[in-house]
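Heads up, the thing below is written out as structure tokens.
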Amino acid sequence: MKLTLADTVLEVSFFCRIEDAWVPVPESAYTAGGFSWCIGHALYRASFTPAPDAPDSLEYSMYLNSQTPSQLRMRISVPGRENYFHVIPCNIYGDNHAAEAKPGEFPLLTNEHKGMSFCAPLWEFRADRAAMPLSALCWDGGVAAVSVDPYSPSGSGFIRNGVFAALPDAFGVSLGYTNDPVTFKNRSTPTPSTRDMAREAGAKGRIYLTRGPRTTLHKIVRREYARHADRAEPKKTLAQAVQGMLDTFAYLNYDAAAGEYTNRHCKPPADTEMRPWRLVTEIGWTGGGVLAYPLVLCRDVPGVKADAPLADAMSGETMFDRIAAAYNEKSGLLNDLMPPNTADSAVNGWWTGYGLVKDCHCAYTVGSAVHYLTKTMDYLRRTGREFPTRWLDVARRVLDTVVTLQREDGAFGYTYSTTERKVLDWSGFAGCWFAPALVYLYRLTGEETWLHAAEKALRCYYGFVKDLNCYGTPMDTWKAVDEEGNLAFLRGCRLVHEATGSSEFLQYLKDSAGYEFLWRYGYKTHPEHTPLNDGWTACGGAVTSVSNPHIHPMGVIVDSDLRYLARVTGDAYYADRAADSAAWMRQCLELYPDKTGYGRYGVLSERWCPSDGLDVERFGDGRPYSSWFSHNLWASACVLEAACELALEEKEKNHG
């Protein structure tokens, strides 16, 4: 059948799951407003009605009643357009950067690599795998999308519904999901397809069509958020959260014998002792500045006692001294690991095992480190305190190298030589982490050269953001499309706007926030397993990348920037999304130890599984677990940063 929406013709067809095959609904069953079809002892139907609040959308409902378990799929296509780009939040962004991605590691929407795992022209996922349960199709000049209730009551429980994308121009939803062609639980390892079916069930949703660039999808996500938002309700205060994490870092994660912070793990239910499994010696991204900055902030958070735990462990100031000591005269950059515990290499961290980078500087680790170094100096300066001149000297020298090597279009490198001042690989978004550091350096020195270099870089990286295609930040994802690089872009645009008042960078900031919300959950999901199957909500948590299909805590670090955006625009939407995140992170902390089965209040895993992605952890007795028995310090450090910044904002507001 054909539907017309916003003067655009949509071709809509339905398929019923009968005896393990998708059977098309015959043309004779369609009417102007939907279809109704009886086959054997089964009834399938759907209807469309104009949305009362928006002329660019339709409401729909689907229903099935069958003697045997069945499903109903709605397929929508928009033929005759150019430059199609599919989006299923957290899962599909175009072809998932198939040009550089390693085939067989994670889903690629492609006709290439036939027979290779995870390469297919159609992908369907559980709807709750998406940060907003919808599938969208973009083309030059327009965006269409269809949303679906992620769950439908059925019998005494519920079934999970699906979202799919198909080449070249189709997208849609399913009443009852099928992971098609396989289930993507973990990279490199396909698992058999799973599905939910029902004898009787119904689902509702909306079809949208908007004119404009790909970024108009953000308006659709916003409207769906208004329908689904379900914020967590944490019980403990921000001060309790900060104290709990600080005490955990000092009294659990710090290894006095090694002189380092460590990650910890265990294997419940029999083994709940958290033992060290990796020293945290990286300068940024998963260590170093990521931890050092919030440790500095802890001293100023009301109600927090920081001196004793920091005296028993390692202070943020000491960590920044070590980061500054990692300066490499030959390359003009920081070595990626902090001395002295750098094993056999000063640059080859844990990520080297993934085979993408080795014997080089990574823009992500170096950029993250210098970002936090300059951010900390800026904070100390604003609060009337001194910092070592060595910090500023090293930051200036590193950023001078980066700017000297900056490409004409504004890009920074993905990797750099360790023996000379040279970019080795230009492809990727990781270098964007230098941009906010440059603005902080401008604030520290008043030298506009740094600000102009940041503006030039952000104009370059905006191309990725507006195309919804930010790839190549983490070194363990084979340059997959990811969330993490955009966090640097969002921070950089906030800082430039704060410095200049530029309307250009305010728009960049809005579009960057919209991209973040394509990863940040806006509703409550229903994971099957402990510790998330008893009241937990995904709302506010953000997924890492299309390669690592789980929520991680890194997205919380831009909550302060979202609150800034809310203030300068007067738009409460951004404050609401930040508040979701603040509640989400505190909720996760409160799972320990009663619901997690290990740890203490202040421990936090980096992995939270809102759906069936990466729920591969198992108790020692074989029971499945929707998180990870590991306390990777960077994850709780991000939460500590966000909690400290929110507490300090509230302190300033109360005393303002």
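The values are calculated or read from the model by the stated rules, or taken from the named source; none is laboratory data. If you're wondering where the values come from, they're calculated on a predicted model, not measured in any experiment. Please note: Cβ atoms are built from the backbone with ideal geometry, for glycine as well, and neighbour counts cover all protein chains shown. Surface accessibility is based on the protein's heavy atoms, side chains included, excluding ligands, DNA and RNA. Shrake-Rupley method; radii C 1.70, N 1.55, O 1.52, S 1.80 Å.
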Fill in the blank from the handout: Residues meeting the amide H criterion for Tyr521 (H placed from the backbone, H to H distance under 5 Å, 5 or more places apart or on another chain) are Gly540, Gly541, Ala542, Val543
Handout entry: Distance (nanometres) between label positions extended 7 Å along Cα→Cβ at Arg459 and Asn341
Key = 4.5
Handout entry: Environment charge at Arg459 (Cβ cut-off 13 Å; Lys +1, Arg +1, Asp -1, Glu -1)
Key = -2
Practice task
Leaving ligands, DNA and RNA out of it, work out the accessible area of His218 with a 1.4 Å probe and give it in Å² to the nearest 10.
Solution key: 20
Problem - Positive minus negative residues near Arg623 (Lys, Arg vs Asp, Glu; Cβ under 13 Å) - result: -2
Exercise for the section: Express the relative contact order of segment 1-140 as a whole percentage, based on alpha carbon pairs under 8 Å and six or more residues apart in sequence. Expected result: 18
Problem - 17 Å tail of the calculated P(r), segment 193-264, as % of Cα pairs - result: 73
Completion exercise
Counting only protein heavy atoms and leaving out ligands, DNA and RNA, the solvent-accessible surface of Lys358 at a 1.4 Å probe, in Å² to the nearest 10, equals 130
Exercise for the section: Nearest 5 is fine: what % of DSSP beta bridges in the chain come out antiparallel, could you say? Expected result: 95
Completion exercise
Result for segment 301-459: accessible area per residue, probe 1.4 angstrom, in square angstrom, of 38
Problem - Violating pairs (Cα-Cα greater than 30 angstrom) within the set Lys185/Lys235; Lys236/Lys267; Lys375/Lys595; Lys185/Lys510; Lys235/Lys305; Lys2/Lys204 - result: Lys185/Lys235; Lys375/Lys595; Lys185/Lys510
Completion exercise
Whole-Hz Karplus couplings 3J(HN,Hα) for segment 227-234, θ = phi - 60° and coefficients 6.51, -1.76, 1.60, Gly and Pro as x, run 7, 10, 3, 8, 6, 5, 10, x
Exercise for the section: Show Trp584, Trp350, Trp634 ordered by accessible area, largest first, where the area counts protein heavy atoms only and the probe is 1.4 Å. Expected result: Trp350, Trp634, Trp584
Exercise for the section: Compute the accessible area per residue over segment 574-630, keeping the other protein chains in place, probe 1.4 Å, unit Å². Expected result: 26
Exercise for the section: For Thr4, Thr401, write out the residues from largest to smallest accessible area, computed with a 1.4 angstrom probe and no ligands counted. Expected result: Thr4, Thr401
Handout entry: Amide H partners (placed H, <5 Å) of Phe429, local residues excluded
Key = Tyr471, Gly472, Thr473
Problem - Protein accessible area in the chain, 1.4 Å probe - carbon and sulfur % - result: 49
Practice task
Binning at 5 Å from 0, report for segment 103-213 what percent of all alpha-carbon pair distances ends up in each bin.
Solution key: 2, 12, 20, 21, 18, 14, 9, 3, 0, 0
Fill in the blank from the handout: Length gained, Ser188-Ala6, 0.36 nm per residue minus C-alpha separation, equals 61.3 nm
Handout entry: Neighbourhood net charge (11 Å Cβ-Cβ; Lys/Arg +1, Asp/Glu -1) for Asp425
Key = +1
Practice task
Please give the helix 289-298 orientation as an angle from the longest Cα principal axis of the chain, in degrees from 0 to 90, rounded to the nearest 10.
Solution key: 70
Fill in the blank from the handout: Computed over the chain: longest principal axis from alpha-carbon atoms vs helix 559-569 long axis, angle to nearest 10 degrees, is 70
Handout entry: Candidate lysines - alpha carbon under 26 Å from Lys358, same-chain residues fewer than 8 apart omitted
Key = Lys102, Lys330, Lys422, Lys479
Completion exercise
If one compares the long axis through the Cα atoms of helix 238-248 with the longest principal axis of the Cα atoms of the chain, the angle in degrees, nearest 10, works out at 70
Problem - Longest to shortest principal axis, alpha-carbon extents of the chain, angstrom - result: 79, 57, 54
Handout entry: Derived scalar couplings ³J(HN,Hα) [segment 190-201; Karplus, 6.51 cos²θ - 1.76 cosθ + 1.60; whole Hz; x for Gly, Pro]
Key = x, 10, x, 4, 10, 7, 10, 10, 8, 7, 8, 6
Fill in the blank from the handout: Once amide hydrogens are built 1.01 Å from N within the peptide plane, the residues lying 5 or more places from Glu282 or on another chain with amide H under 5 Å from its amide H are Gly288, Met338
Handout entry: Whole-Hz ³J(HN,Hα) from phi, Karplus 6.51 cos²θ - 1.76 cosθ + 1.60, for segment 609-620, glycine and proline x
Key = 10, x, 9, 9, x, 6, 7, 9, 5, 9, 4, x
Completion exercise
Computed, not fitted: 222 nm per-residue ellipticity of the chain from DSSP H runs ≥ 4 (each -39500 (n - 2.57)), nearest 500, equal to -10000 deg cm²/dmol
Handout entry: For the chain, with +1 on Lys and Arg beta carbons and -1 on Asp and Glu, the positive-most of Ala363, His550, Tyr261 along the dipole
Key = His550
Completion exercise
With every protein chain kept in place and a 1.4 Å probe, segment 501-559 has an accessible area per residue in Å² of 19
